[in-house]
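A short worksheet on the structure shown next.
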Amino acid sequence: MTLDQPHPDSCAFSDRDFSAIAEILHRETGIFLGDNKKNLVYARLNALVRRAGFGCFADYVAHVSARPPNAARQEMISTLTTNVTSFYREPHHFEDFSARVLPALLEKAKRGERVRIWSAACASGEEPYTIAFEVLRQAPDAGRLDLKILATDIDPEMVRRGARGVYAEAVAKQIPPHIRAAFLPENTVAPAAKALISFRQLNLLNPLPFNGAFDVIFCRNVTIYFDPLTREKTWQQIVSVLKPGGQLYAGHSERVSGPAAKSLKLNGLTAYRCTK
Ligand SMILES: C[S@@+](CC[C@H](N)C(=O)[O-])C[C@H]1O[C@@H](n2cnc3c(N)ncnc32)[C@H](O)[C@@H]1O
């Protein structure tokens with residue numbers, strides 16, 4: 001093979017292909033890809049393009065651009081989203097939730113009131129399960145209360161994995177041993193924790209389909225991927241379904257920006273109380 005021949009395991013990827021892919025991803029998810037992400041996109045999609053039998057990215061782009069949207073487009077979006085997560089990620093949020101927020105919510109639930117918690121970009125489920133573990137540690141009978149956790153993500157594969165609740169050893173061992181023994185025996189989520197959670201596919205760009213409001217929302221490490229305007233709109237939507245006095249947790253490098261910030265008061269590390 002000479003230097004000017006393409007590598008047999010790669011196919012041509014032009015700036016135009018990159019722009020078309022970035023445009024689809026932005027339109028459908030809010031995720032913004034700067035030009036510096038071209039290599040990343042190539043690395044993530046090359047194998048997929050070849051596996052689907054396309055000789056070059058241009059043909060693949062034409063296929064994923066087709067209307068109505070096809071499975072290849074969903075697969076591309078899933079491949080380009082970053083799904084990194086872990087049990088007890090950013091542990092200060094769970095410490096704060098358990099010490100300051102949860103006791104009052106359990107009091108409410110024990111009085112027969114409704115309590116709702118939302119993990120708004122739950123990836124493969126570690127975040128909502130961590131919430132469930134903390135709930136069950138304080139209230140082993142939580143399943144009898146009107147306390148529910150909603151776990152949503154745009155990526156259907158993530159939602160499936162979350163609902164399955166089975167984790168690799170490397171993932172399970174992130175959990176403190178006594179909590180793991182109680183709630184993740186044989187690396188499978190205990191039925192009591194599963195029963196508290198509903199997993200659903202949901203795109204944060206779309207109008208939110210909820211009737212009631214949430215006592216607590218975890219919306220962490222997703223808006224960092226959005227462009228500034230989408231970020232502001234997303235926070236507005238999130239705050240619109242947060243109860244007065246409700247608690248919001250954002251990711252470690254996220255700050256609520258735009259009009260939503262007027263209804264929130266910082267009360268911890270990237271943690272906010274709703275003041276509306
Ligand atoms: C880095 S993970 C964060 C997981 C978890 N919240 C945490 O902090 O560990 C980001 C998740 O956001 C999801 N996501 C990206 N765009 C989204 C959108 N428009 N609506 C809903 N979820 C989205 C991705 O599929 C991914 O699973």
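The values are calculated or read from the model by the stated rules, or taken from the named source; none is laboratory data. Quick caveat, the model's predicted, so the values are computed rather than measured. Counting neighbours? That spans all protein chains shown, and the Cβs are built from the backbone with ideal geometry, glycine included. For the accessible areas, the whole protein counts, side chains as well, though only heavy atoms, and no ligand, DNA or RNA atoms are used. Shrake-Rupley method; radii C 1.70, N 1.55, O 1.52, S 1.80 Å.
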### Qualifying residue in the stretch 69-77 (condition: open to solvent by 60 Å² or more (accessible area, probe 1.4 Å), in contact (Cβ under 8 Å) with a residue 12 or more places away in the chain and acidic (Asp, Glu))
yes
### Message
Tell me yes or no: at least one residue of the stretch 191-205 is more than 24 Å from Val115 (Cα to Cα) and within 11 Å of the ligand (Cβ to nearest atom).
### Response
yes
### Task
Check the stretch 96-104 and report whether any residue there is within 25 Å of Ala20 (Cα to Cα) and of a type in the set (Gly, Ala, Ser).
no
### Query
Out of Ile175, Ile179, which single residue is assigned to a loop (DSSP other than H, G, I, E, B) and more than 21 Å from Val241 (Cα to Cα)?
Ile175
### Query
Given the structure, is Leu229 open to solvent by 10 Å² or more (accessible area, probe 1.4 Å) and assigned to a loop (DSSP other than H, G, I, E, B)?
no
#### Entry: Every residue from the stretch 181-191 that is open to solvent by less than 50 Å² (accessible area, probe 1.4 Å) and out of contact with any strand residue (DSSP E or B) (no Cβ under 9 Å at 6 or more places or on another chain)
Phe183, Leu184, Ala190
#### Entry: Those residues of the stretch 151-187 which are of a type outside the set (A, V, I, L, M) and either on the phi > 0 side of the Ramachandran plot or out of contact with any helix residue (DSSP H, G or I) (no Cβ under 9 Å at 6 or more places or on another chain) (or both), in sequence order
Arg160, Arg161, Arg164, Gly165, Pro176, Pro177, His178, Pro185, Glu186, Asn187
### Task
Check Pro128 against each of (1) buried (at least 21 other Cβ atoms within 10 Å of the Cβ); (2) away from the ligand (no atom under 16 Å from the Cβ) and name the one condition it does not meet.
(2)
### Query
For residues in the stretch 110-146 being in contact with a Cys (Cβ under 9 Å, 6 or more places away or on another chain) and among the small types (Gly, Ala, Ser), which is nearest to Phe97 (Cα to Cα)?
Ser119
### Query
Could we say that Ser19 is modelled with pLDDT of 90 or more and outside the structural domain of Thr234 (by TED's automatic domain parsing) here?
yes
## Note on the structure
Here the qualifying pairs (Cβ atoms under 6 Å; residues six or more apart or on different chains; first in the stretch 87-100 and under 15 Å from Pro128 (Cα atoms) and open to solvent by less than 70 Å² (accessible area, probe 1.4 Å); second of a type in the set (D, E, K, R) and within 12 Å of the ligand (Cβ to nearest atom)) come out as Phe87/Glu126
## Note on the structure
Taking the stretch 131-172 and keeping residues part of a loop (DSSP other than H, G, I, E, B) and open to solvent by less than 10 Å² (accessible area, probe 1.4 Å) leaves Ala139, Asp155, Gly165
### Query
What residue, among those in the stretch 101-125 that are without any contact (Cβ under 8 Å) to a residue 60 or more places away in the chain and open to solvent by less than 20 Å² (accessible area, probe 1.4 Å), is nearest to the ligand (Cβ to nearest atom)?
Ala123
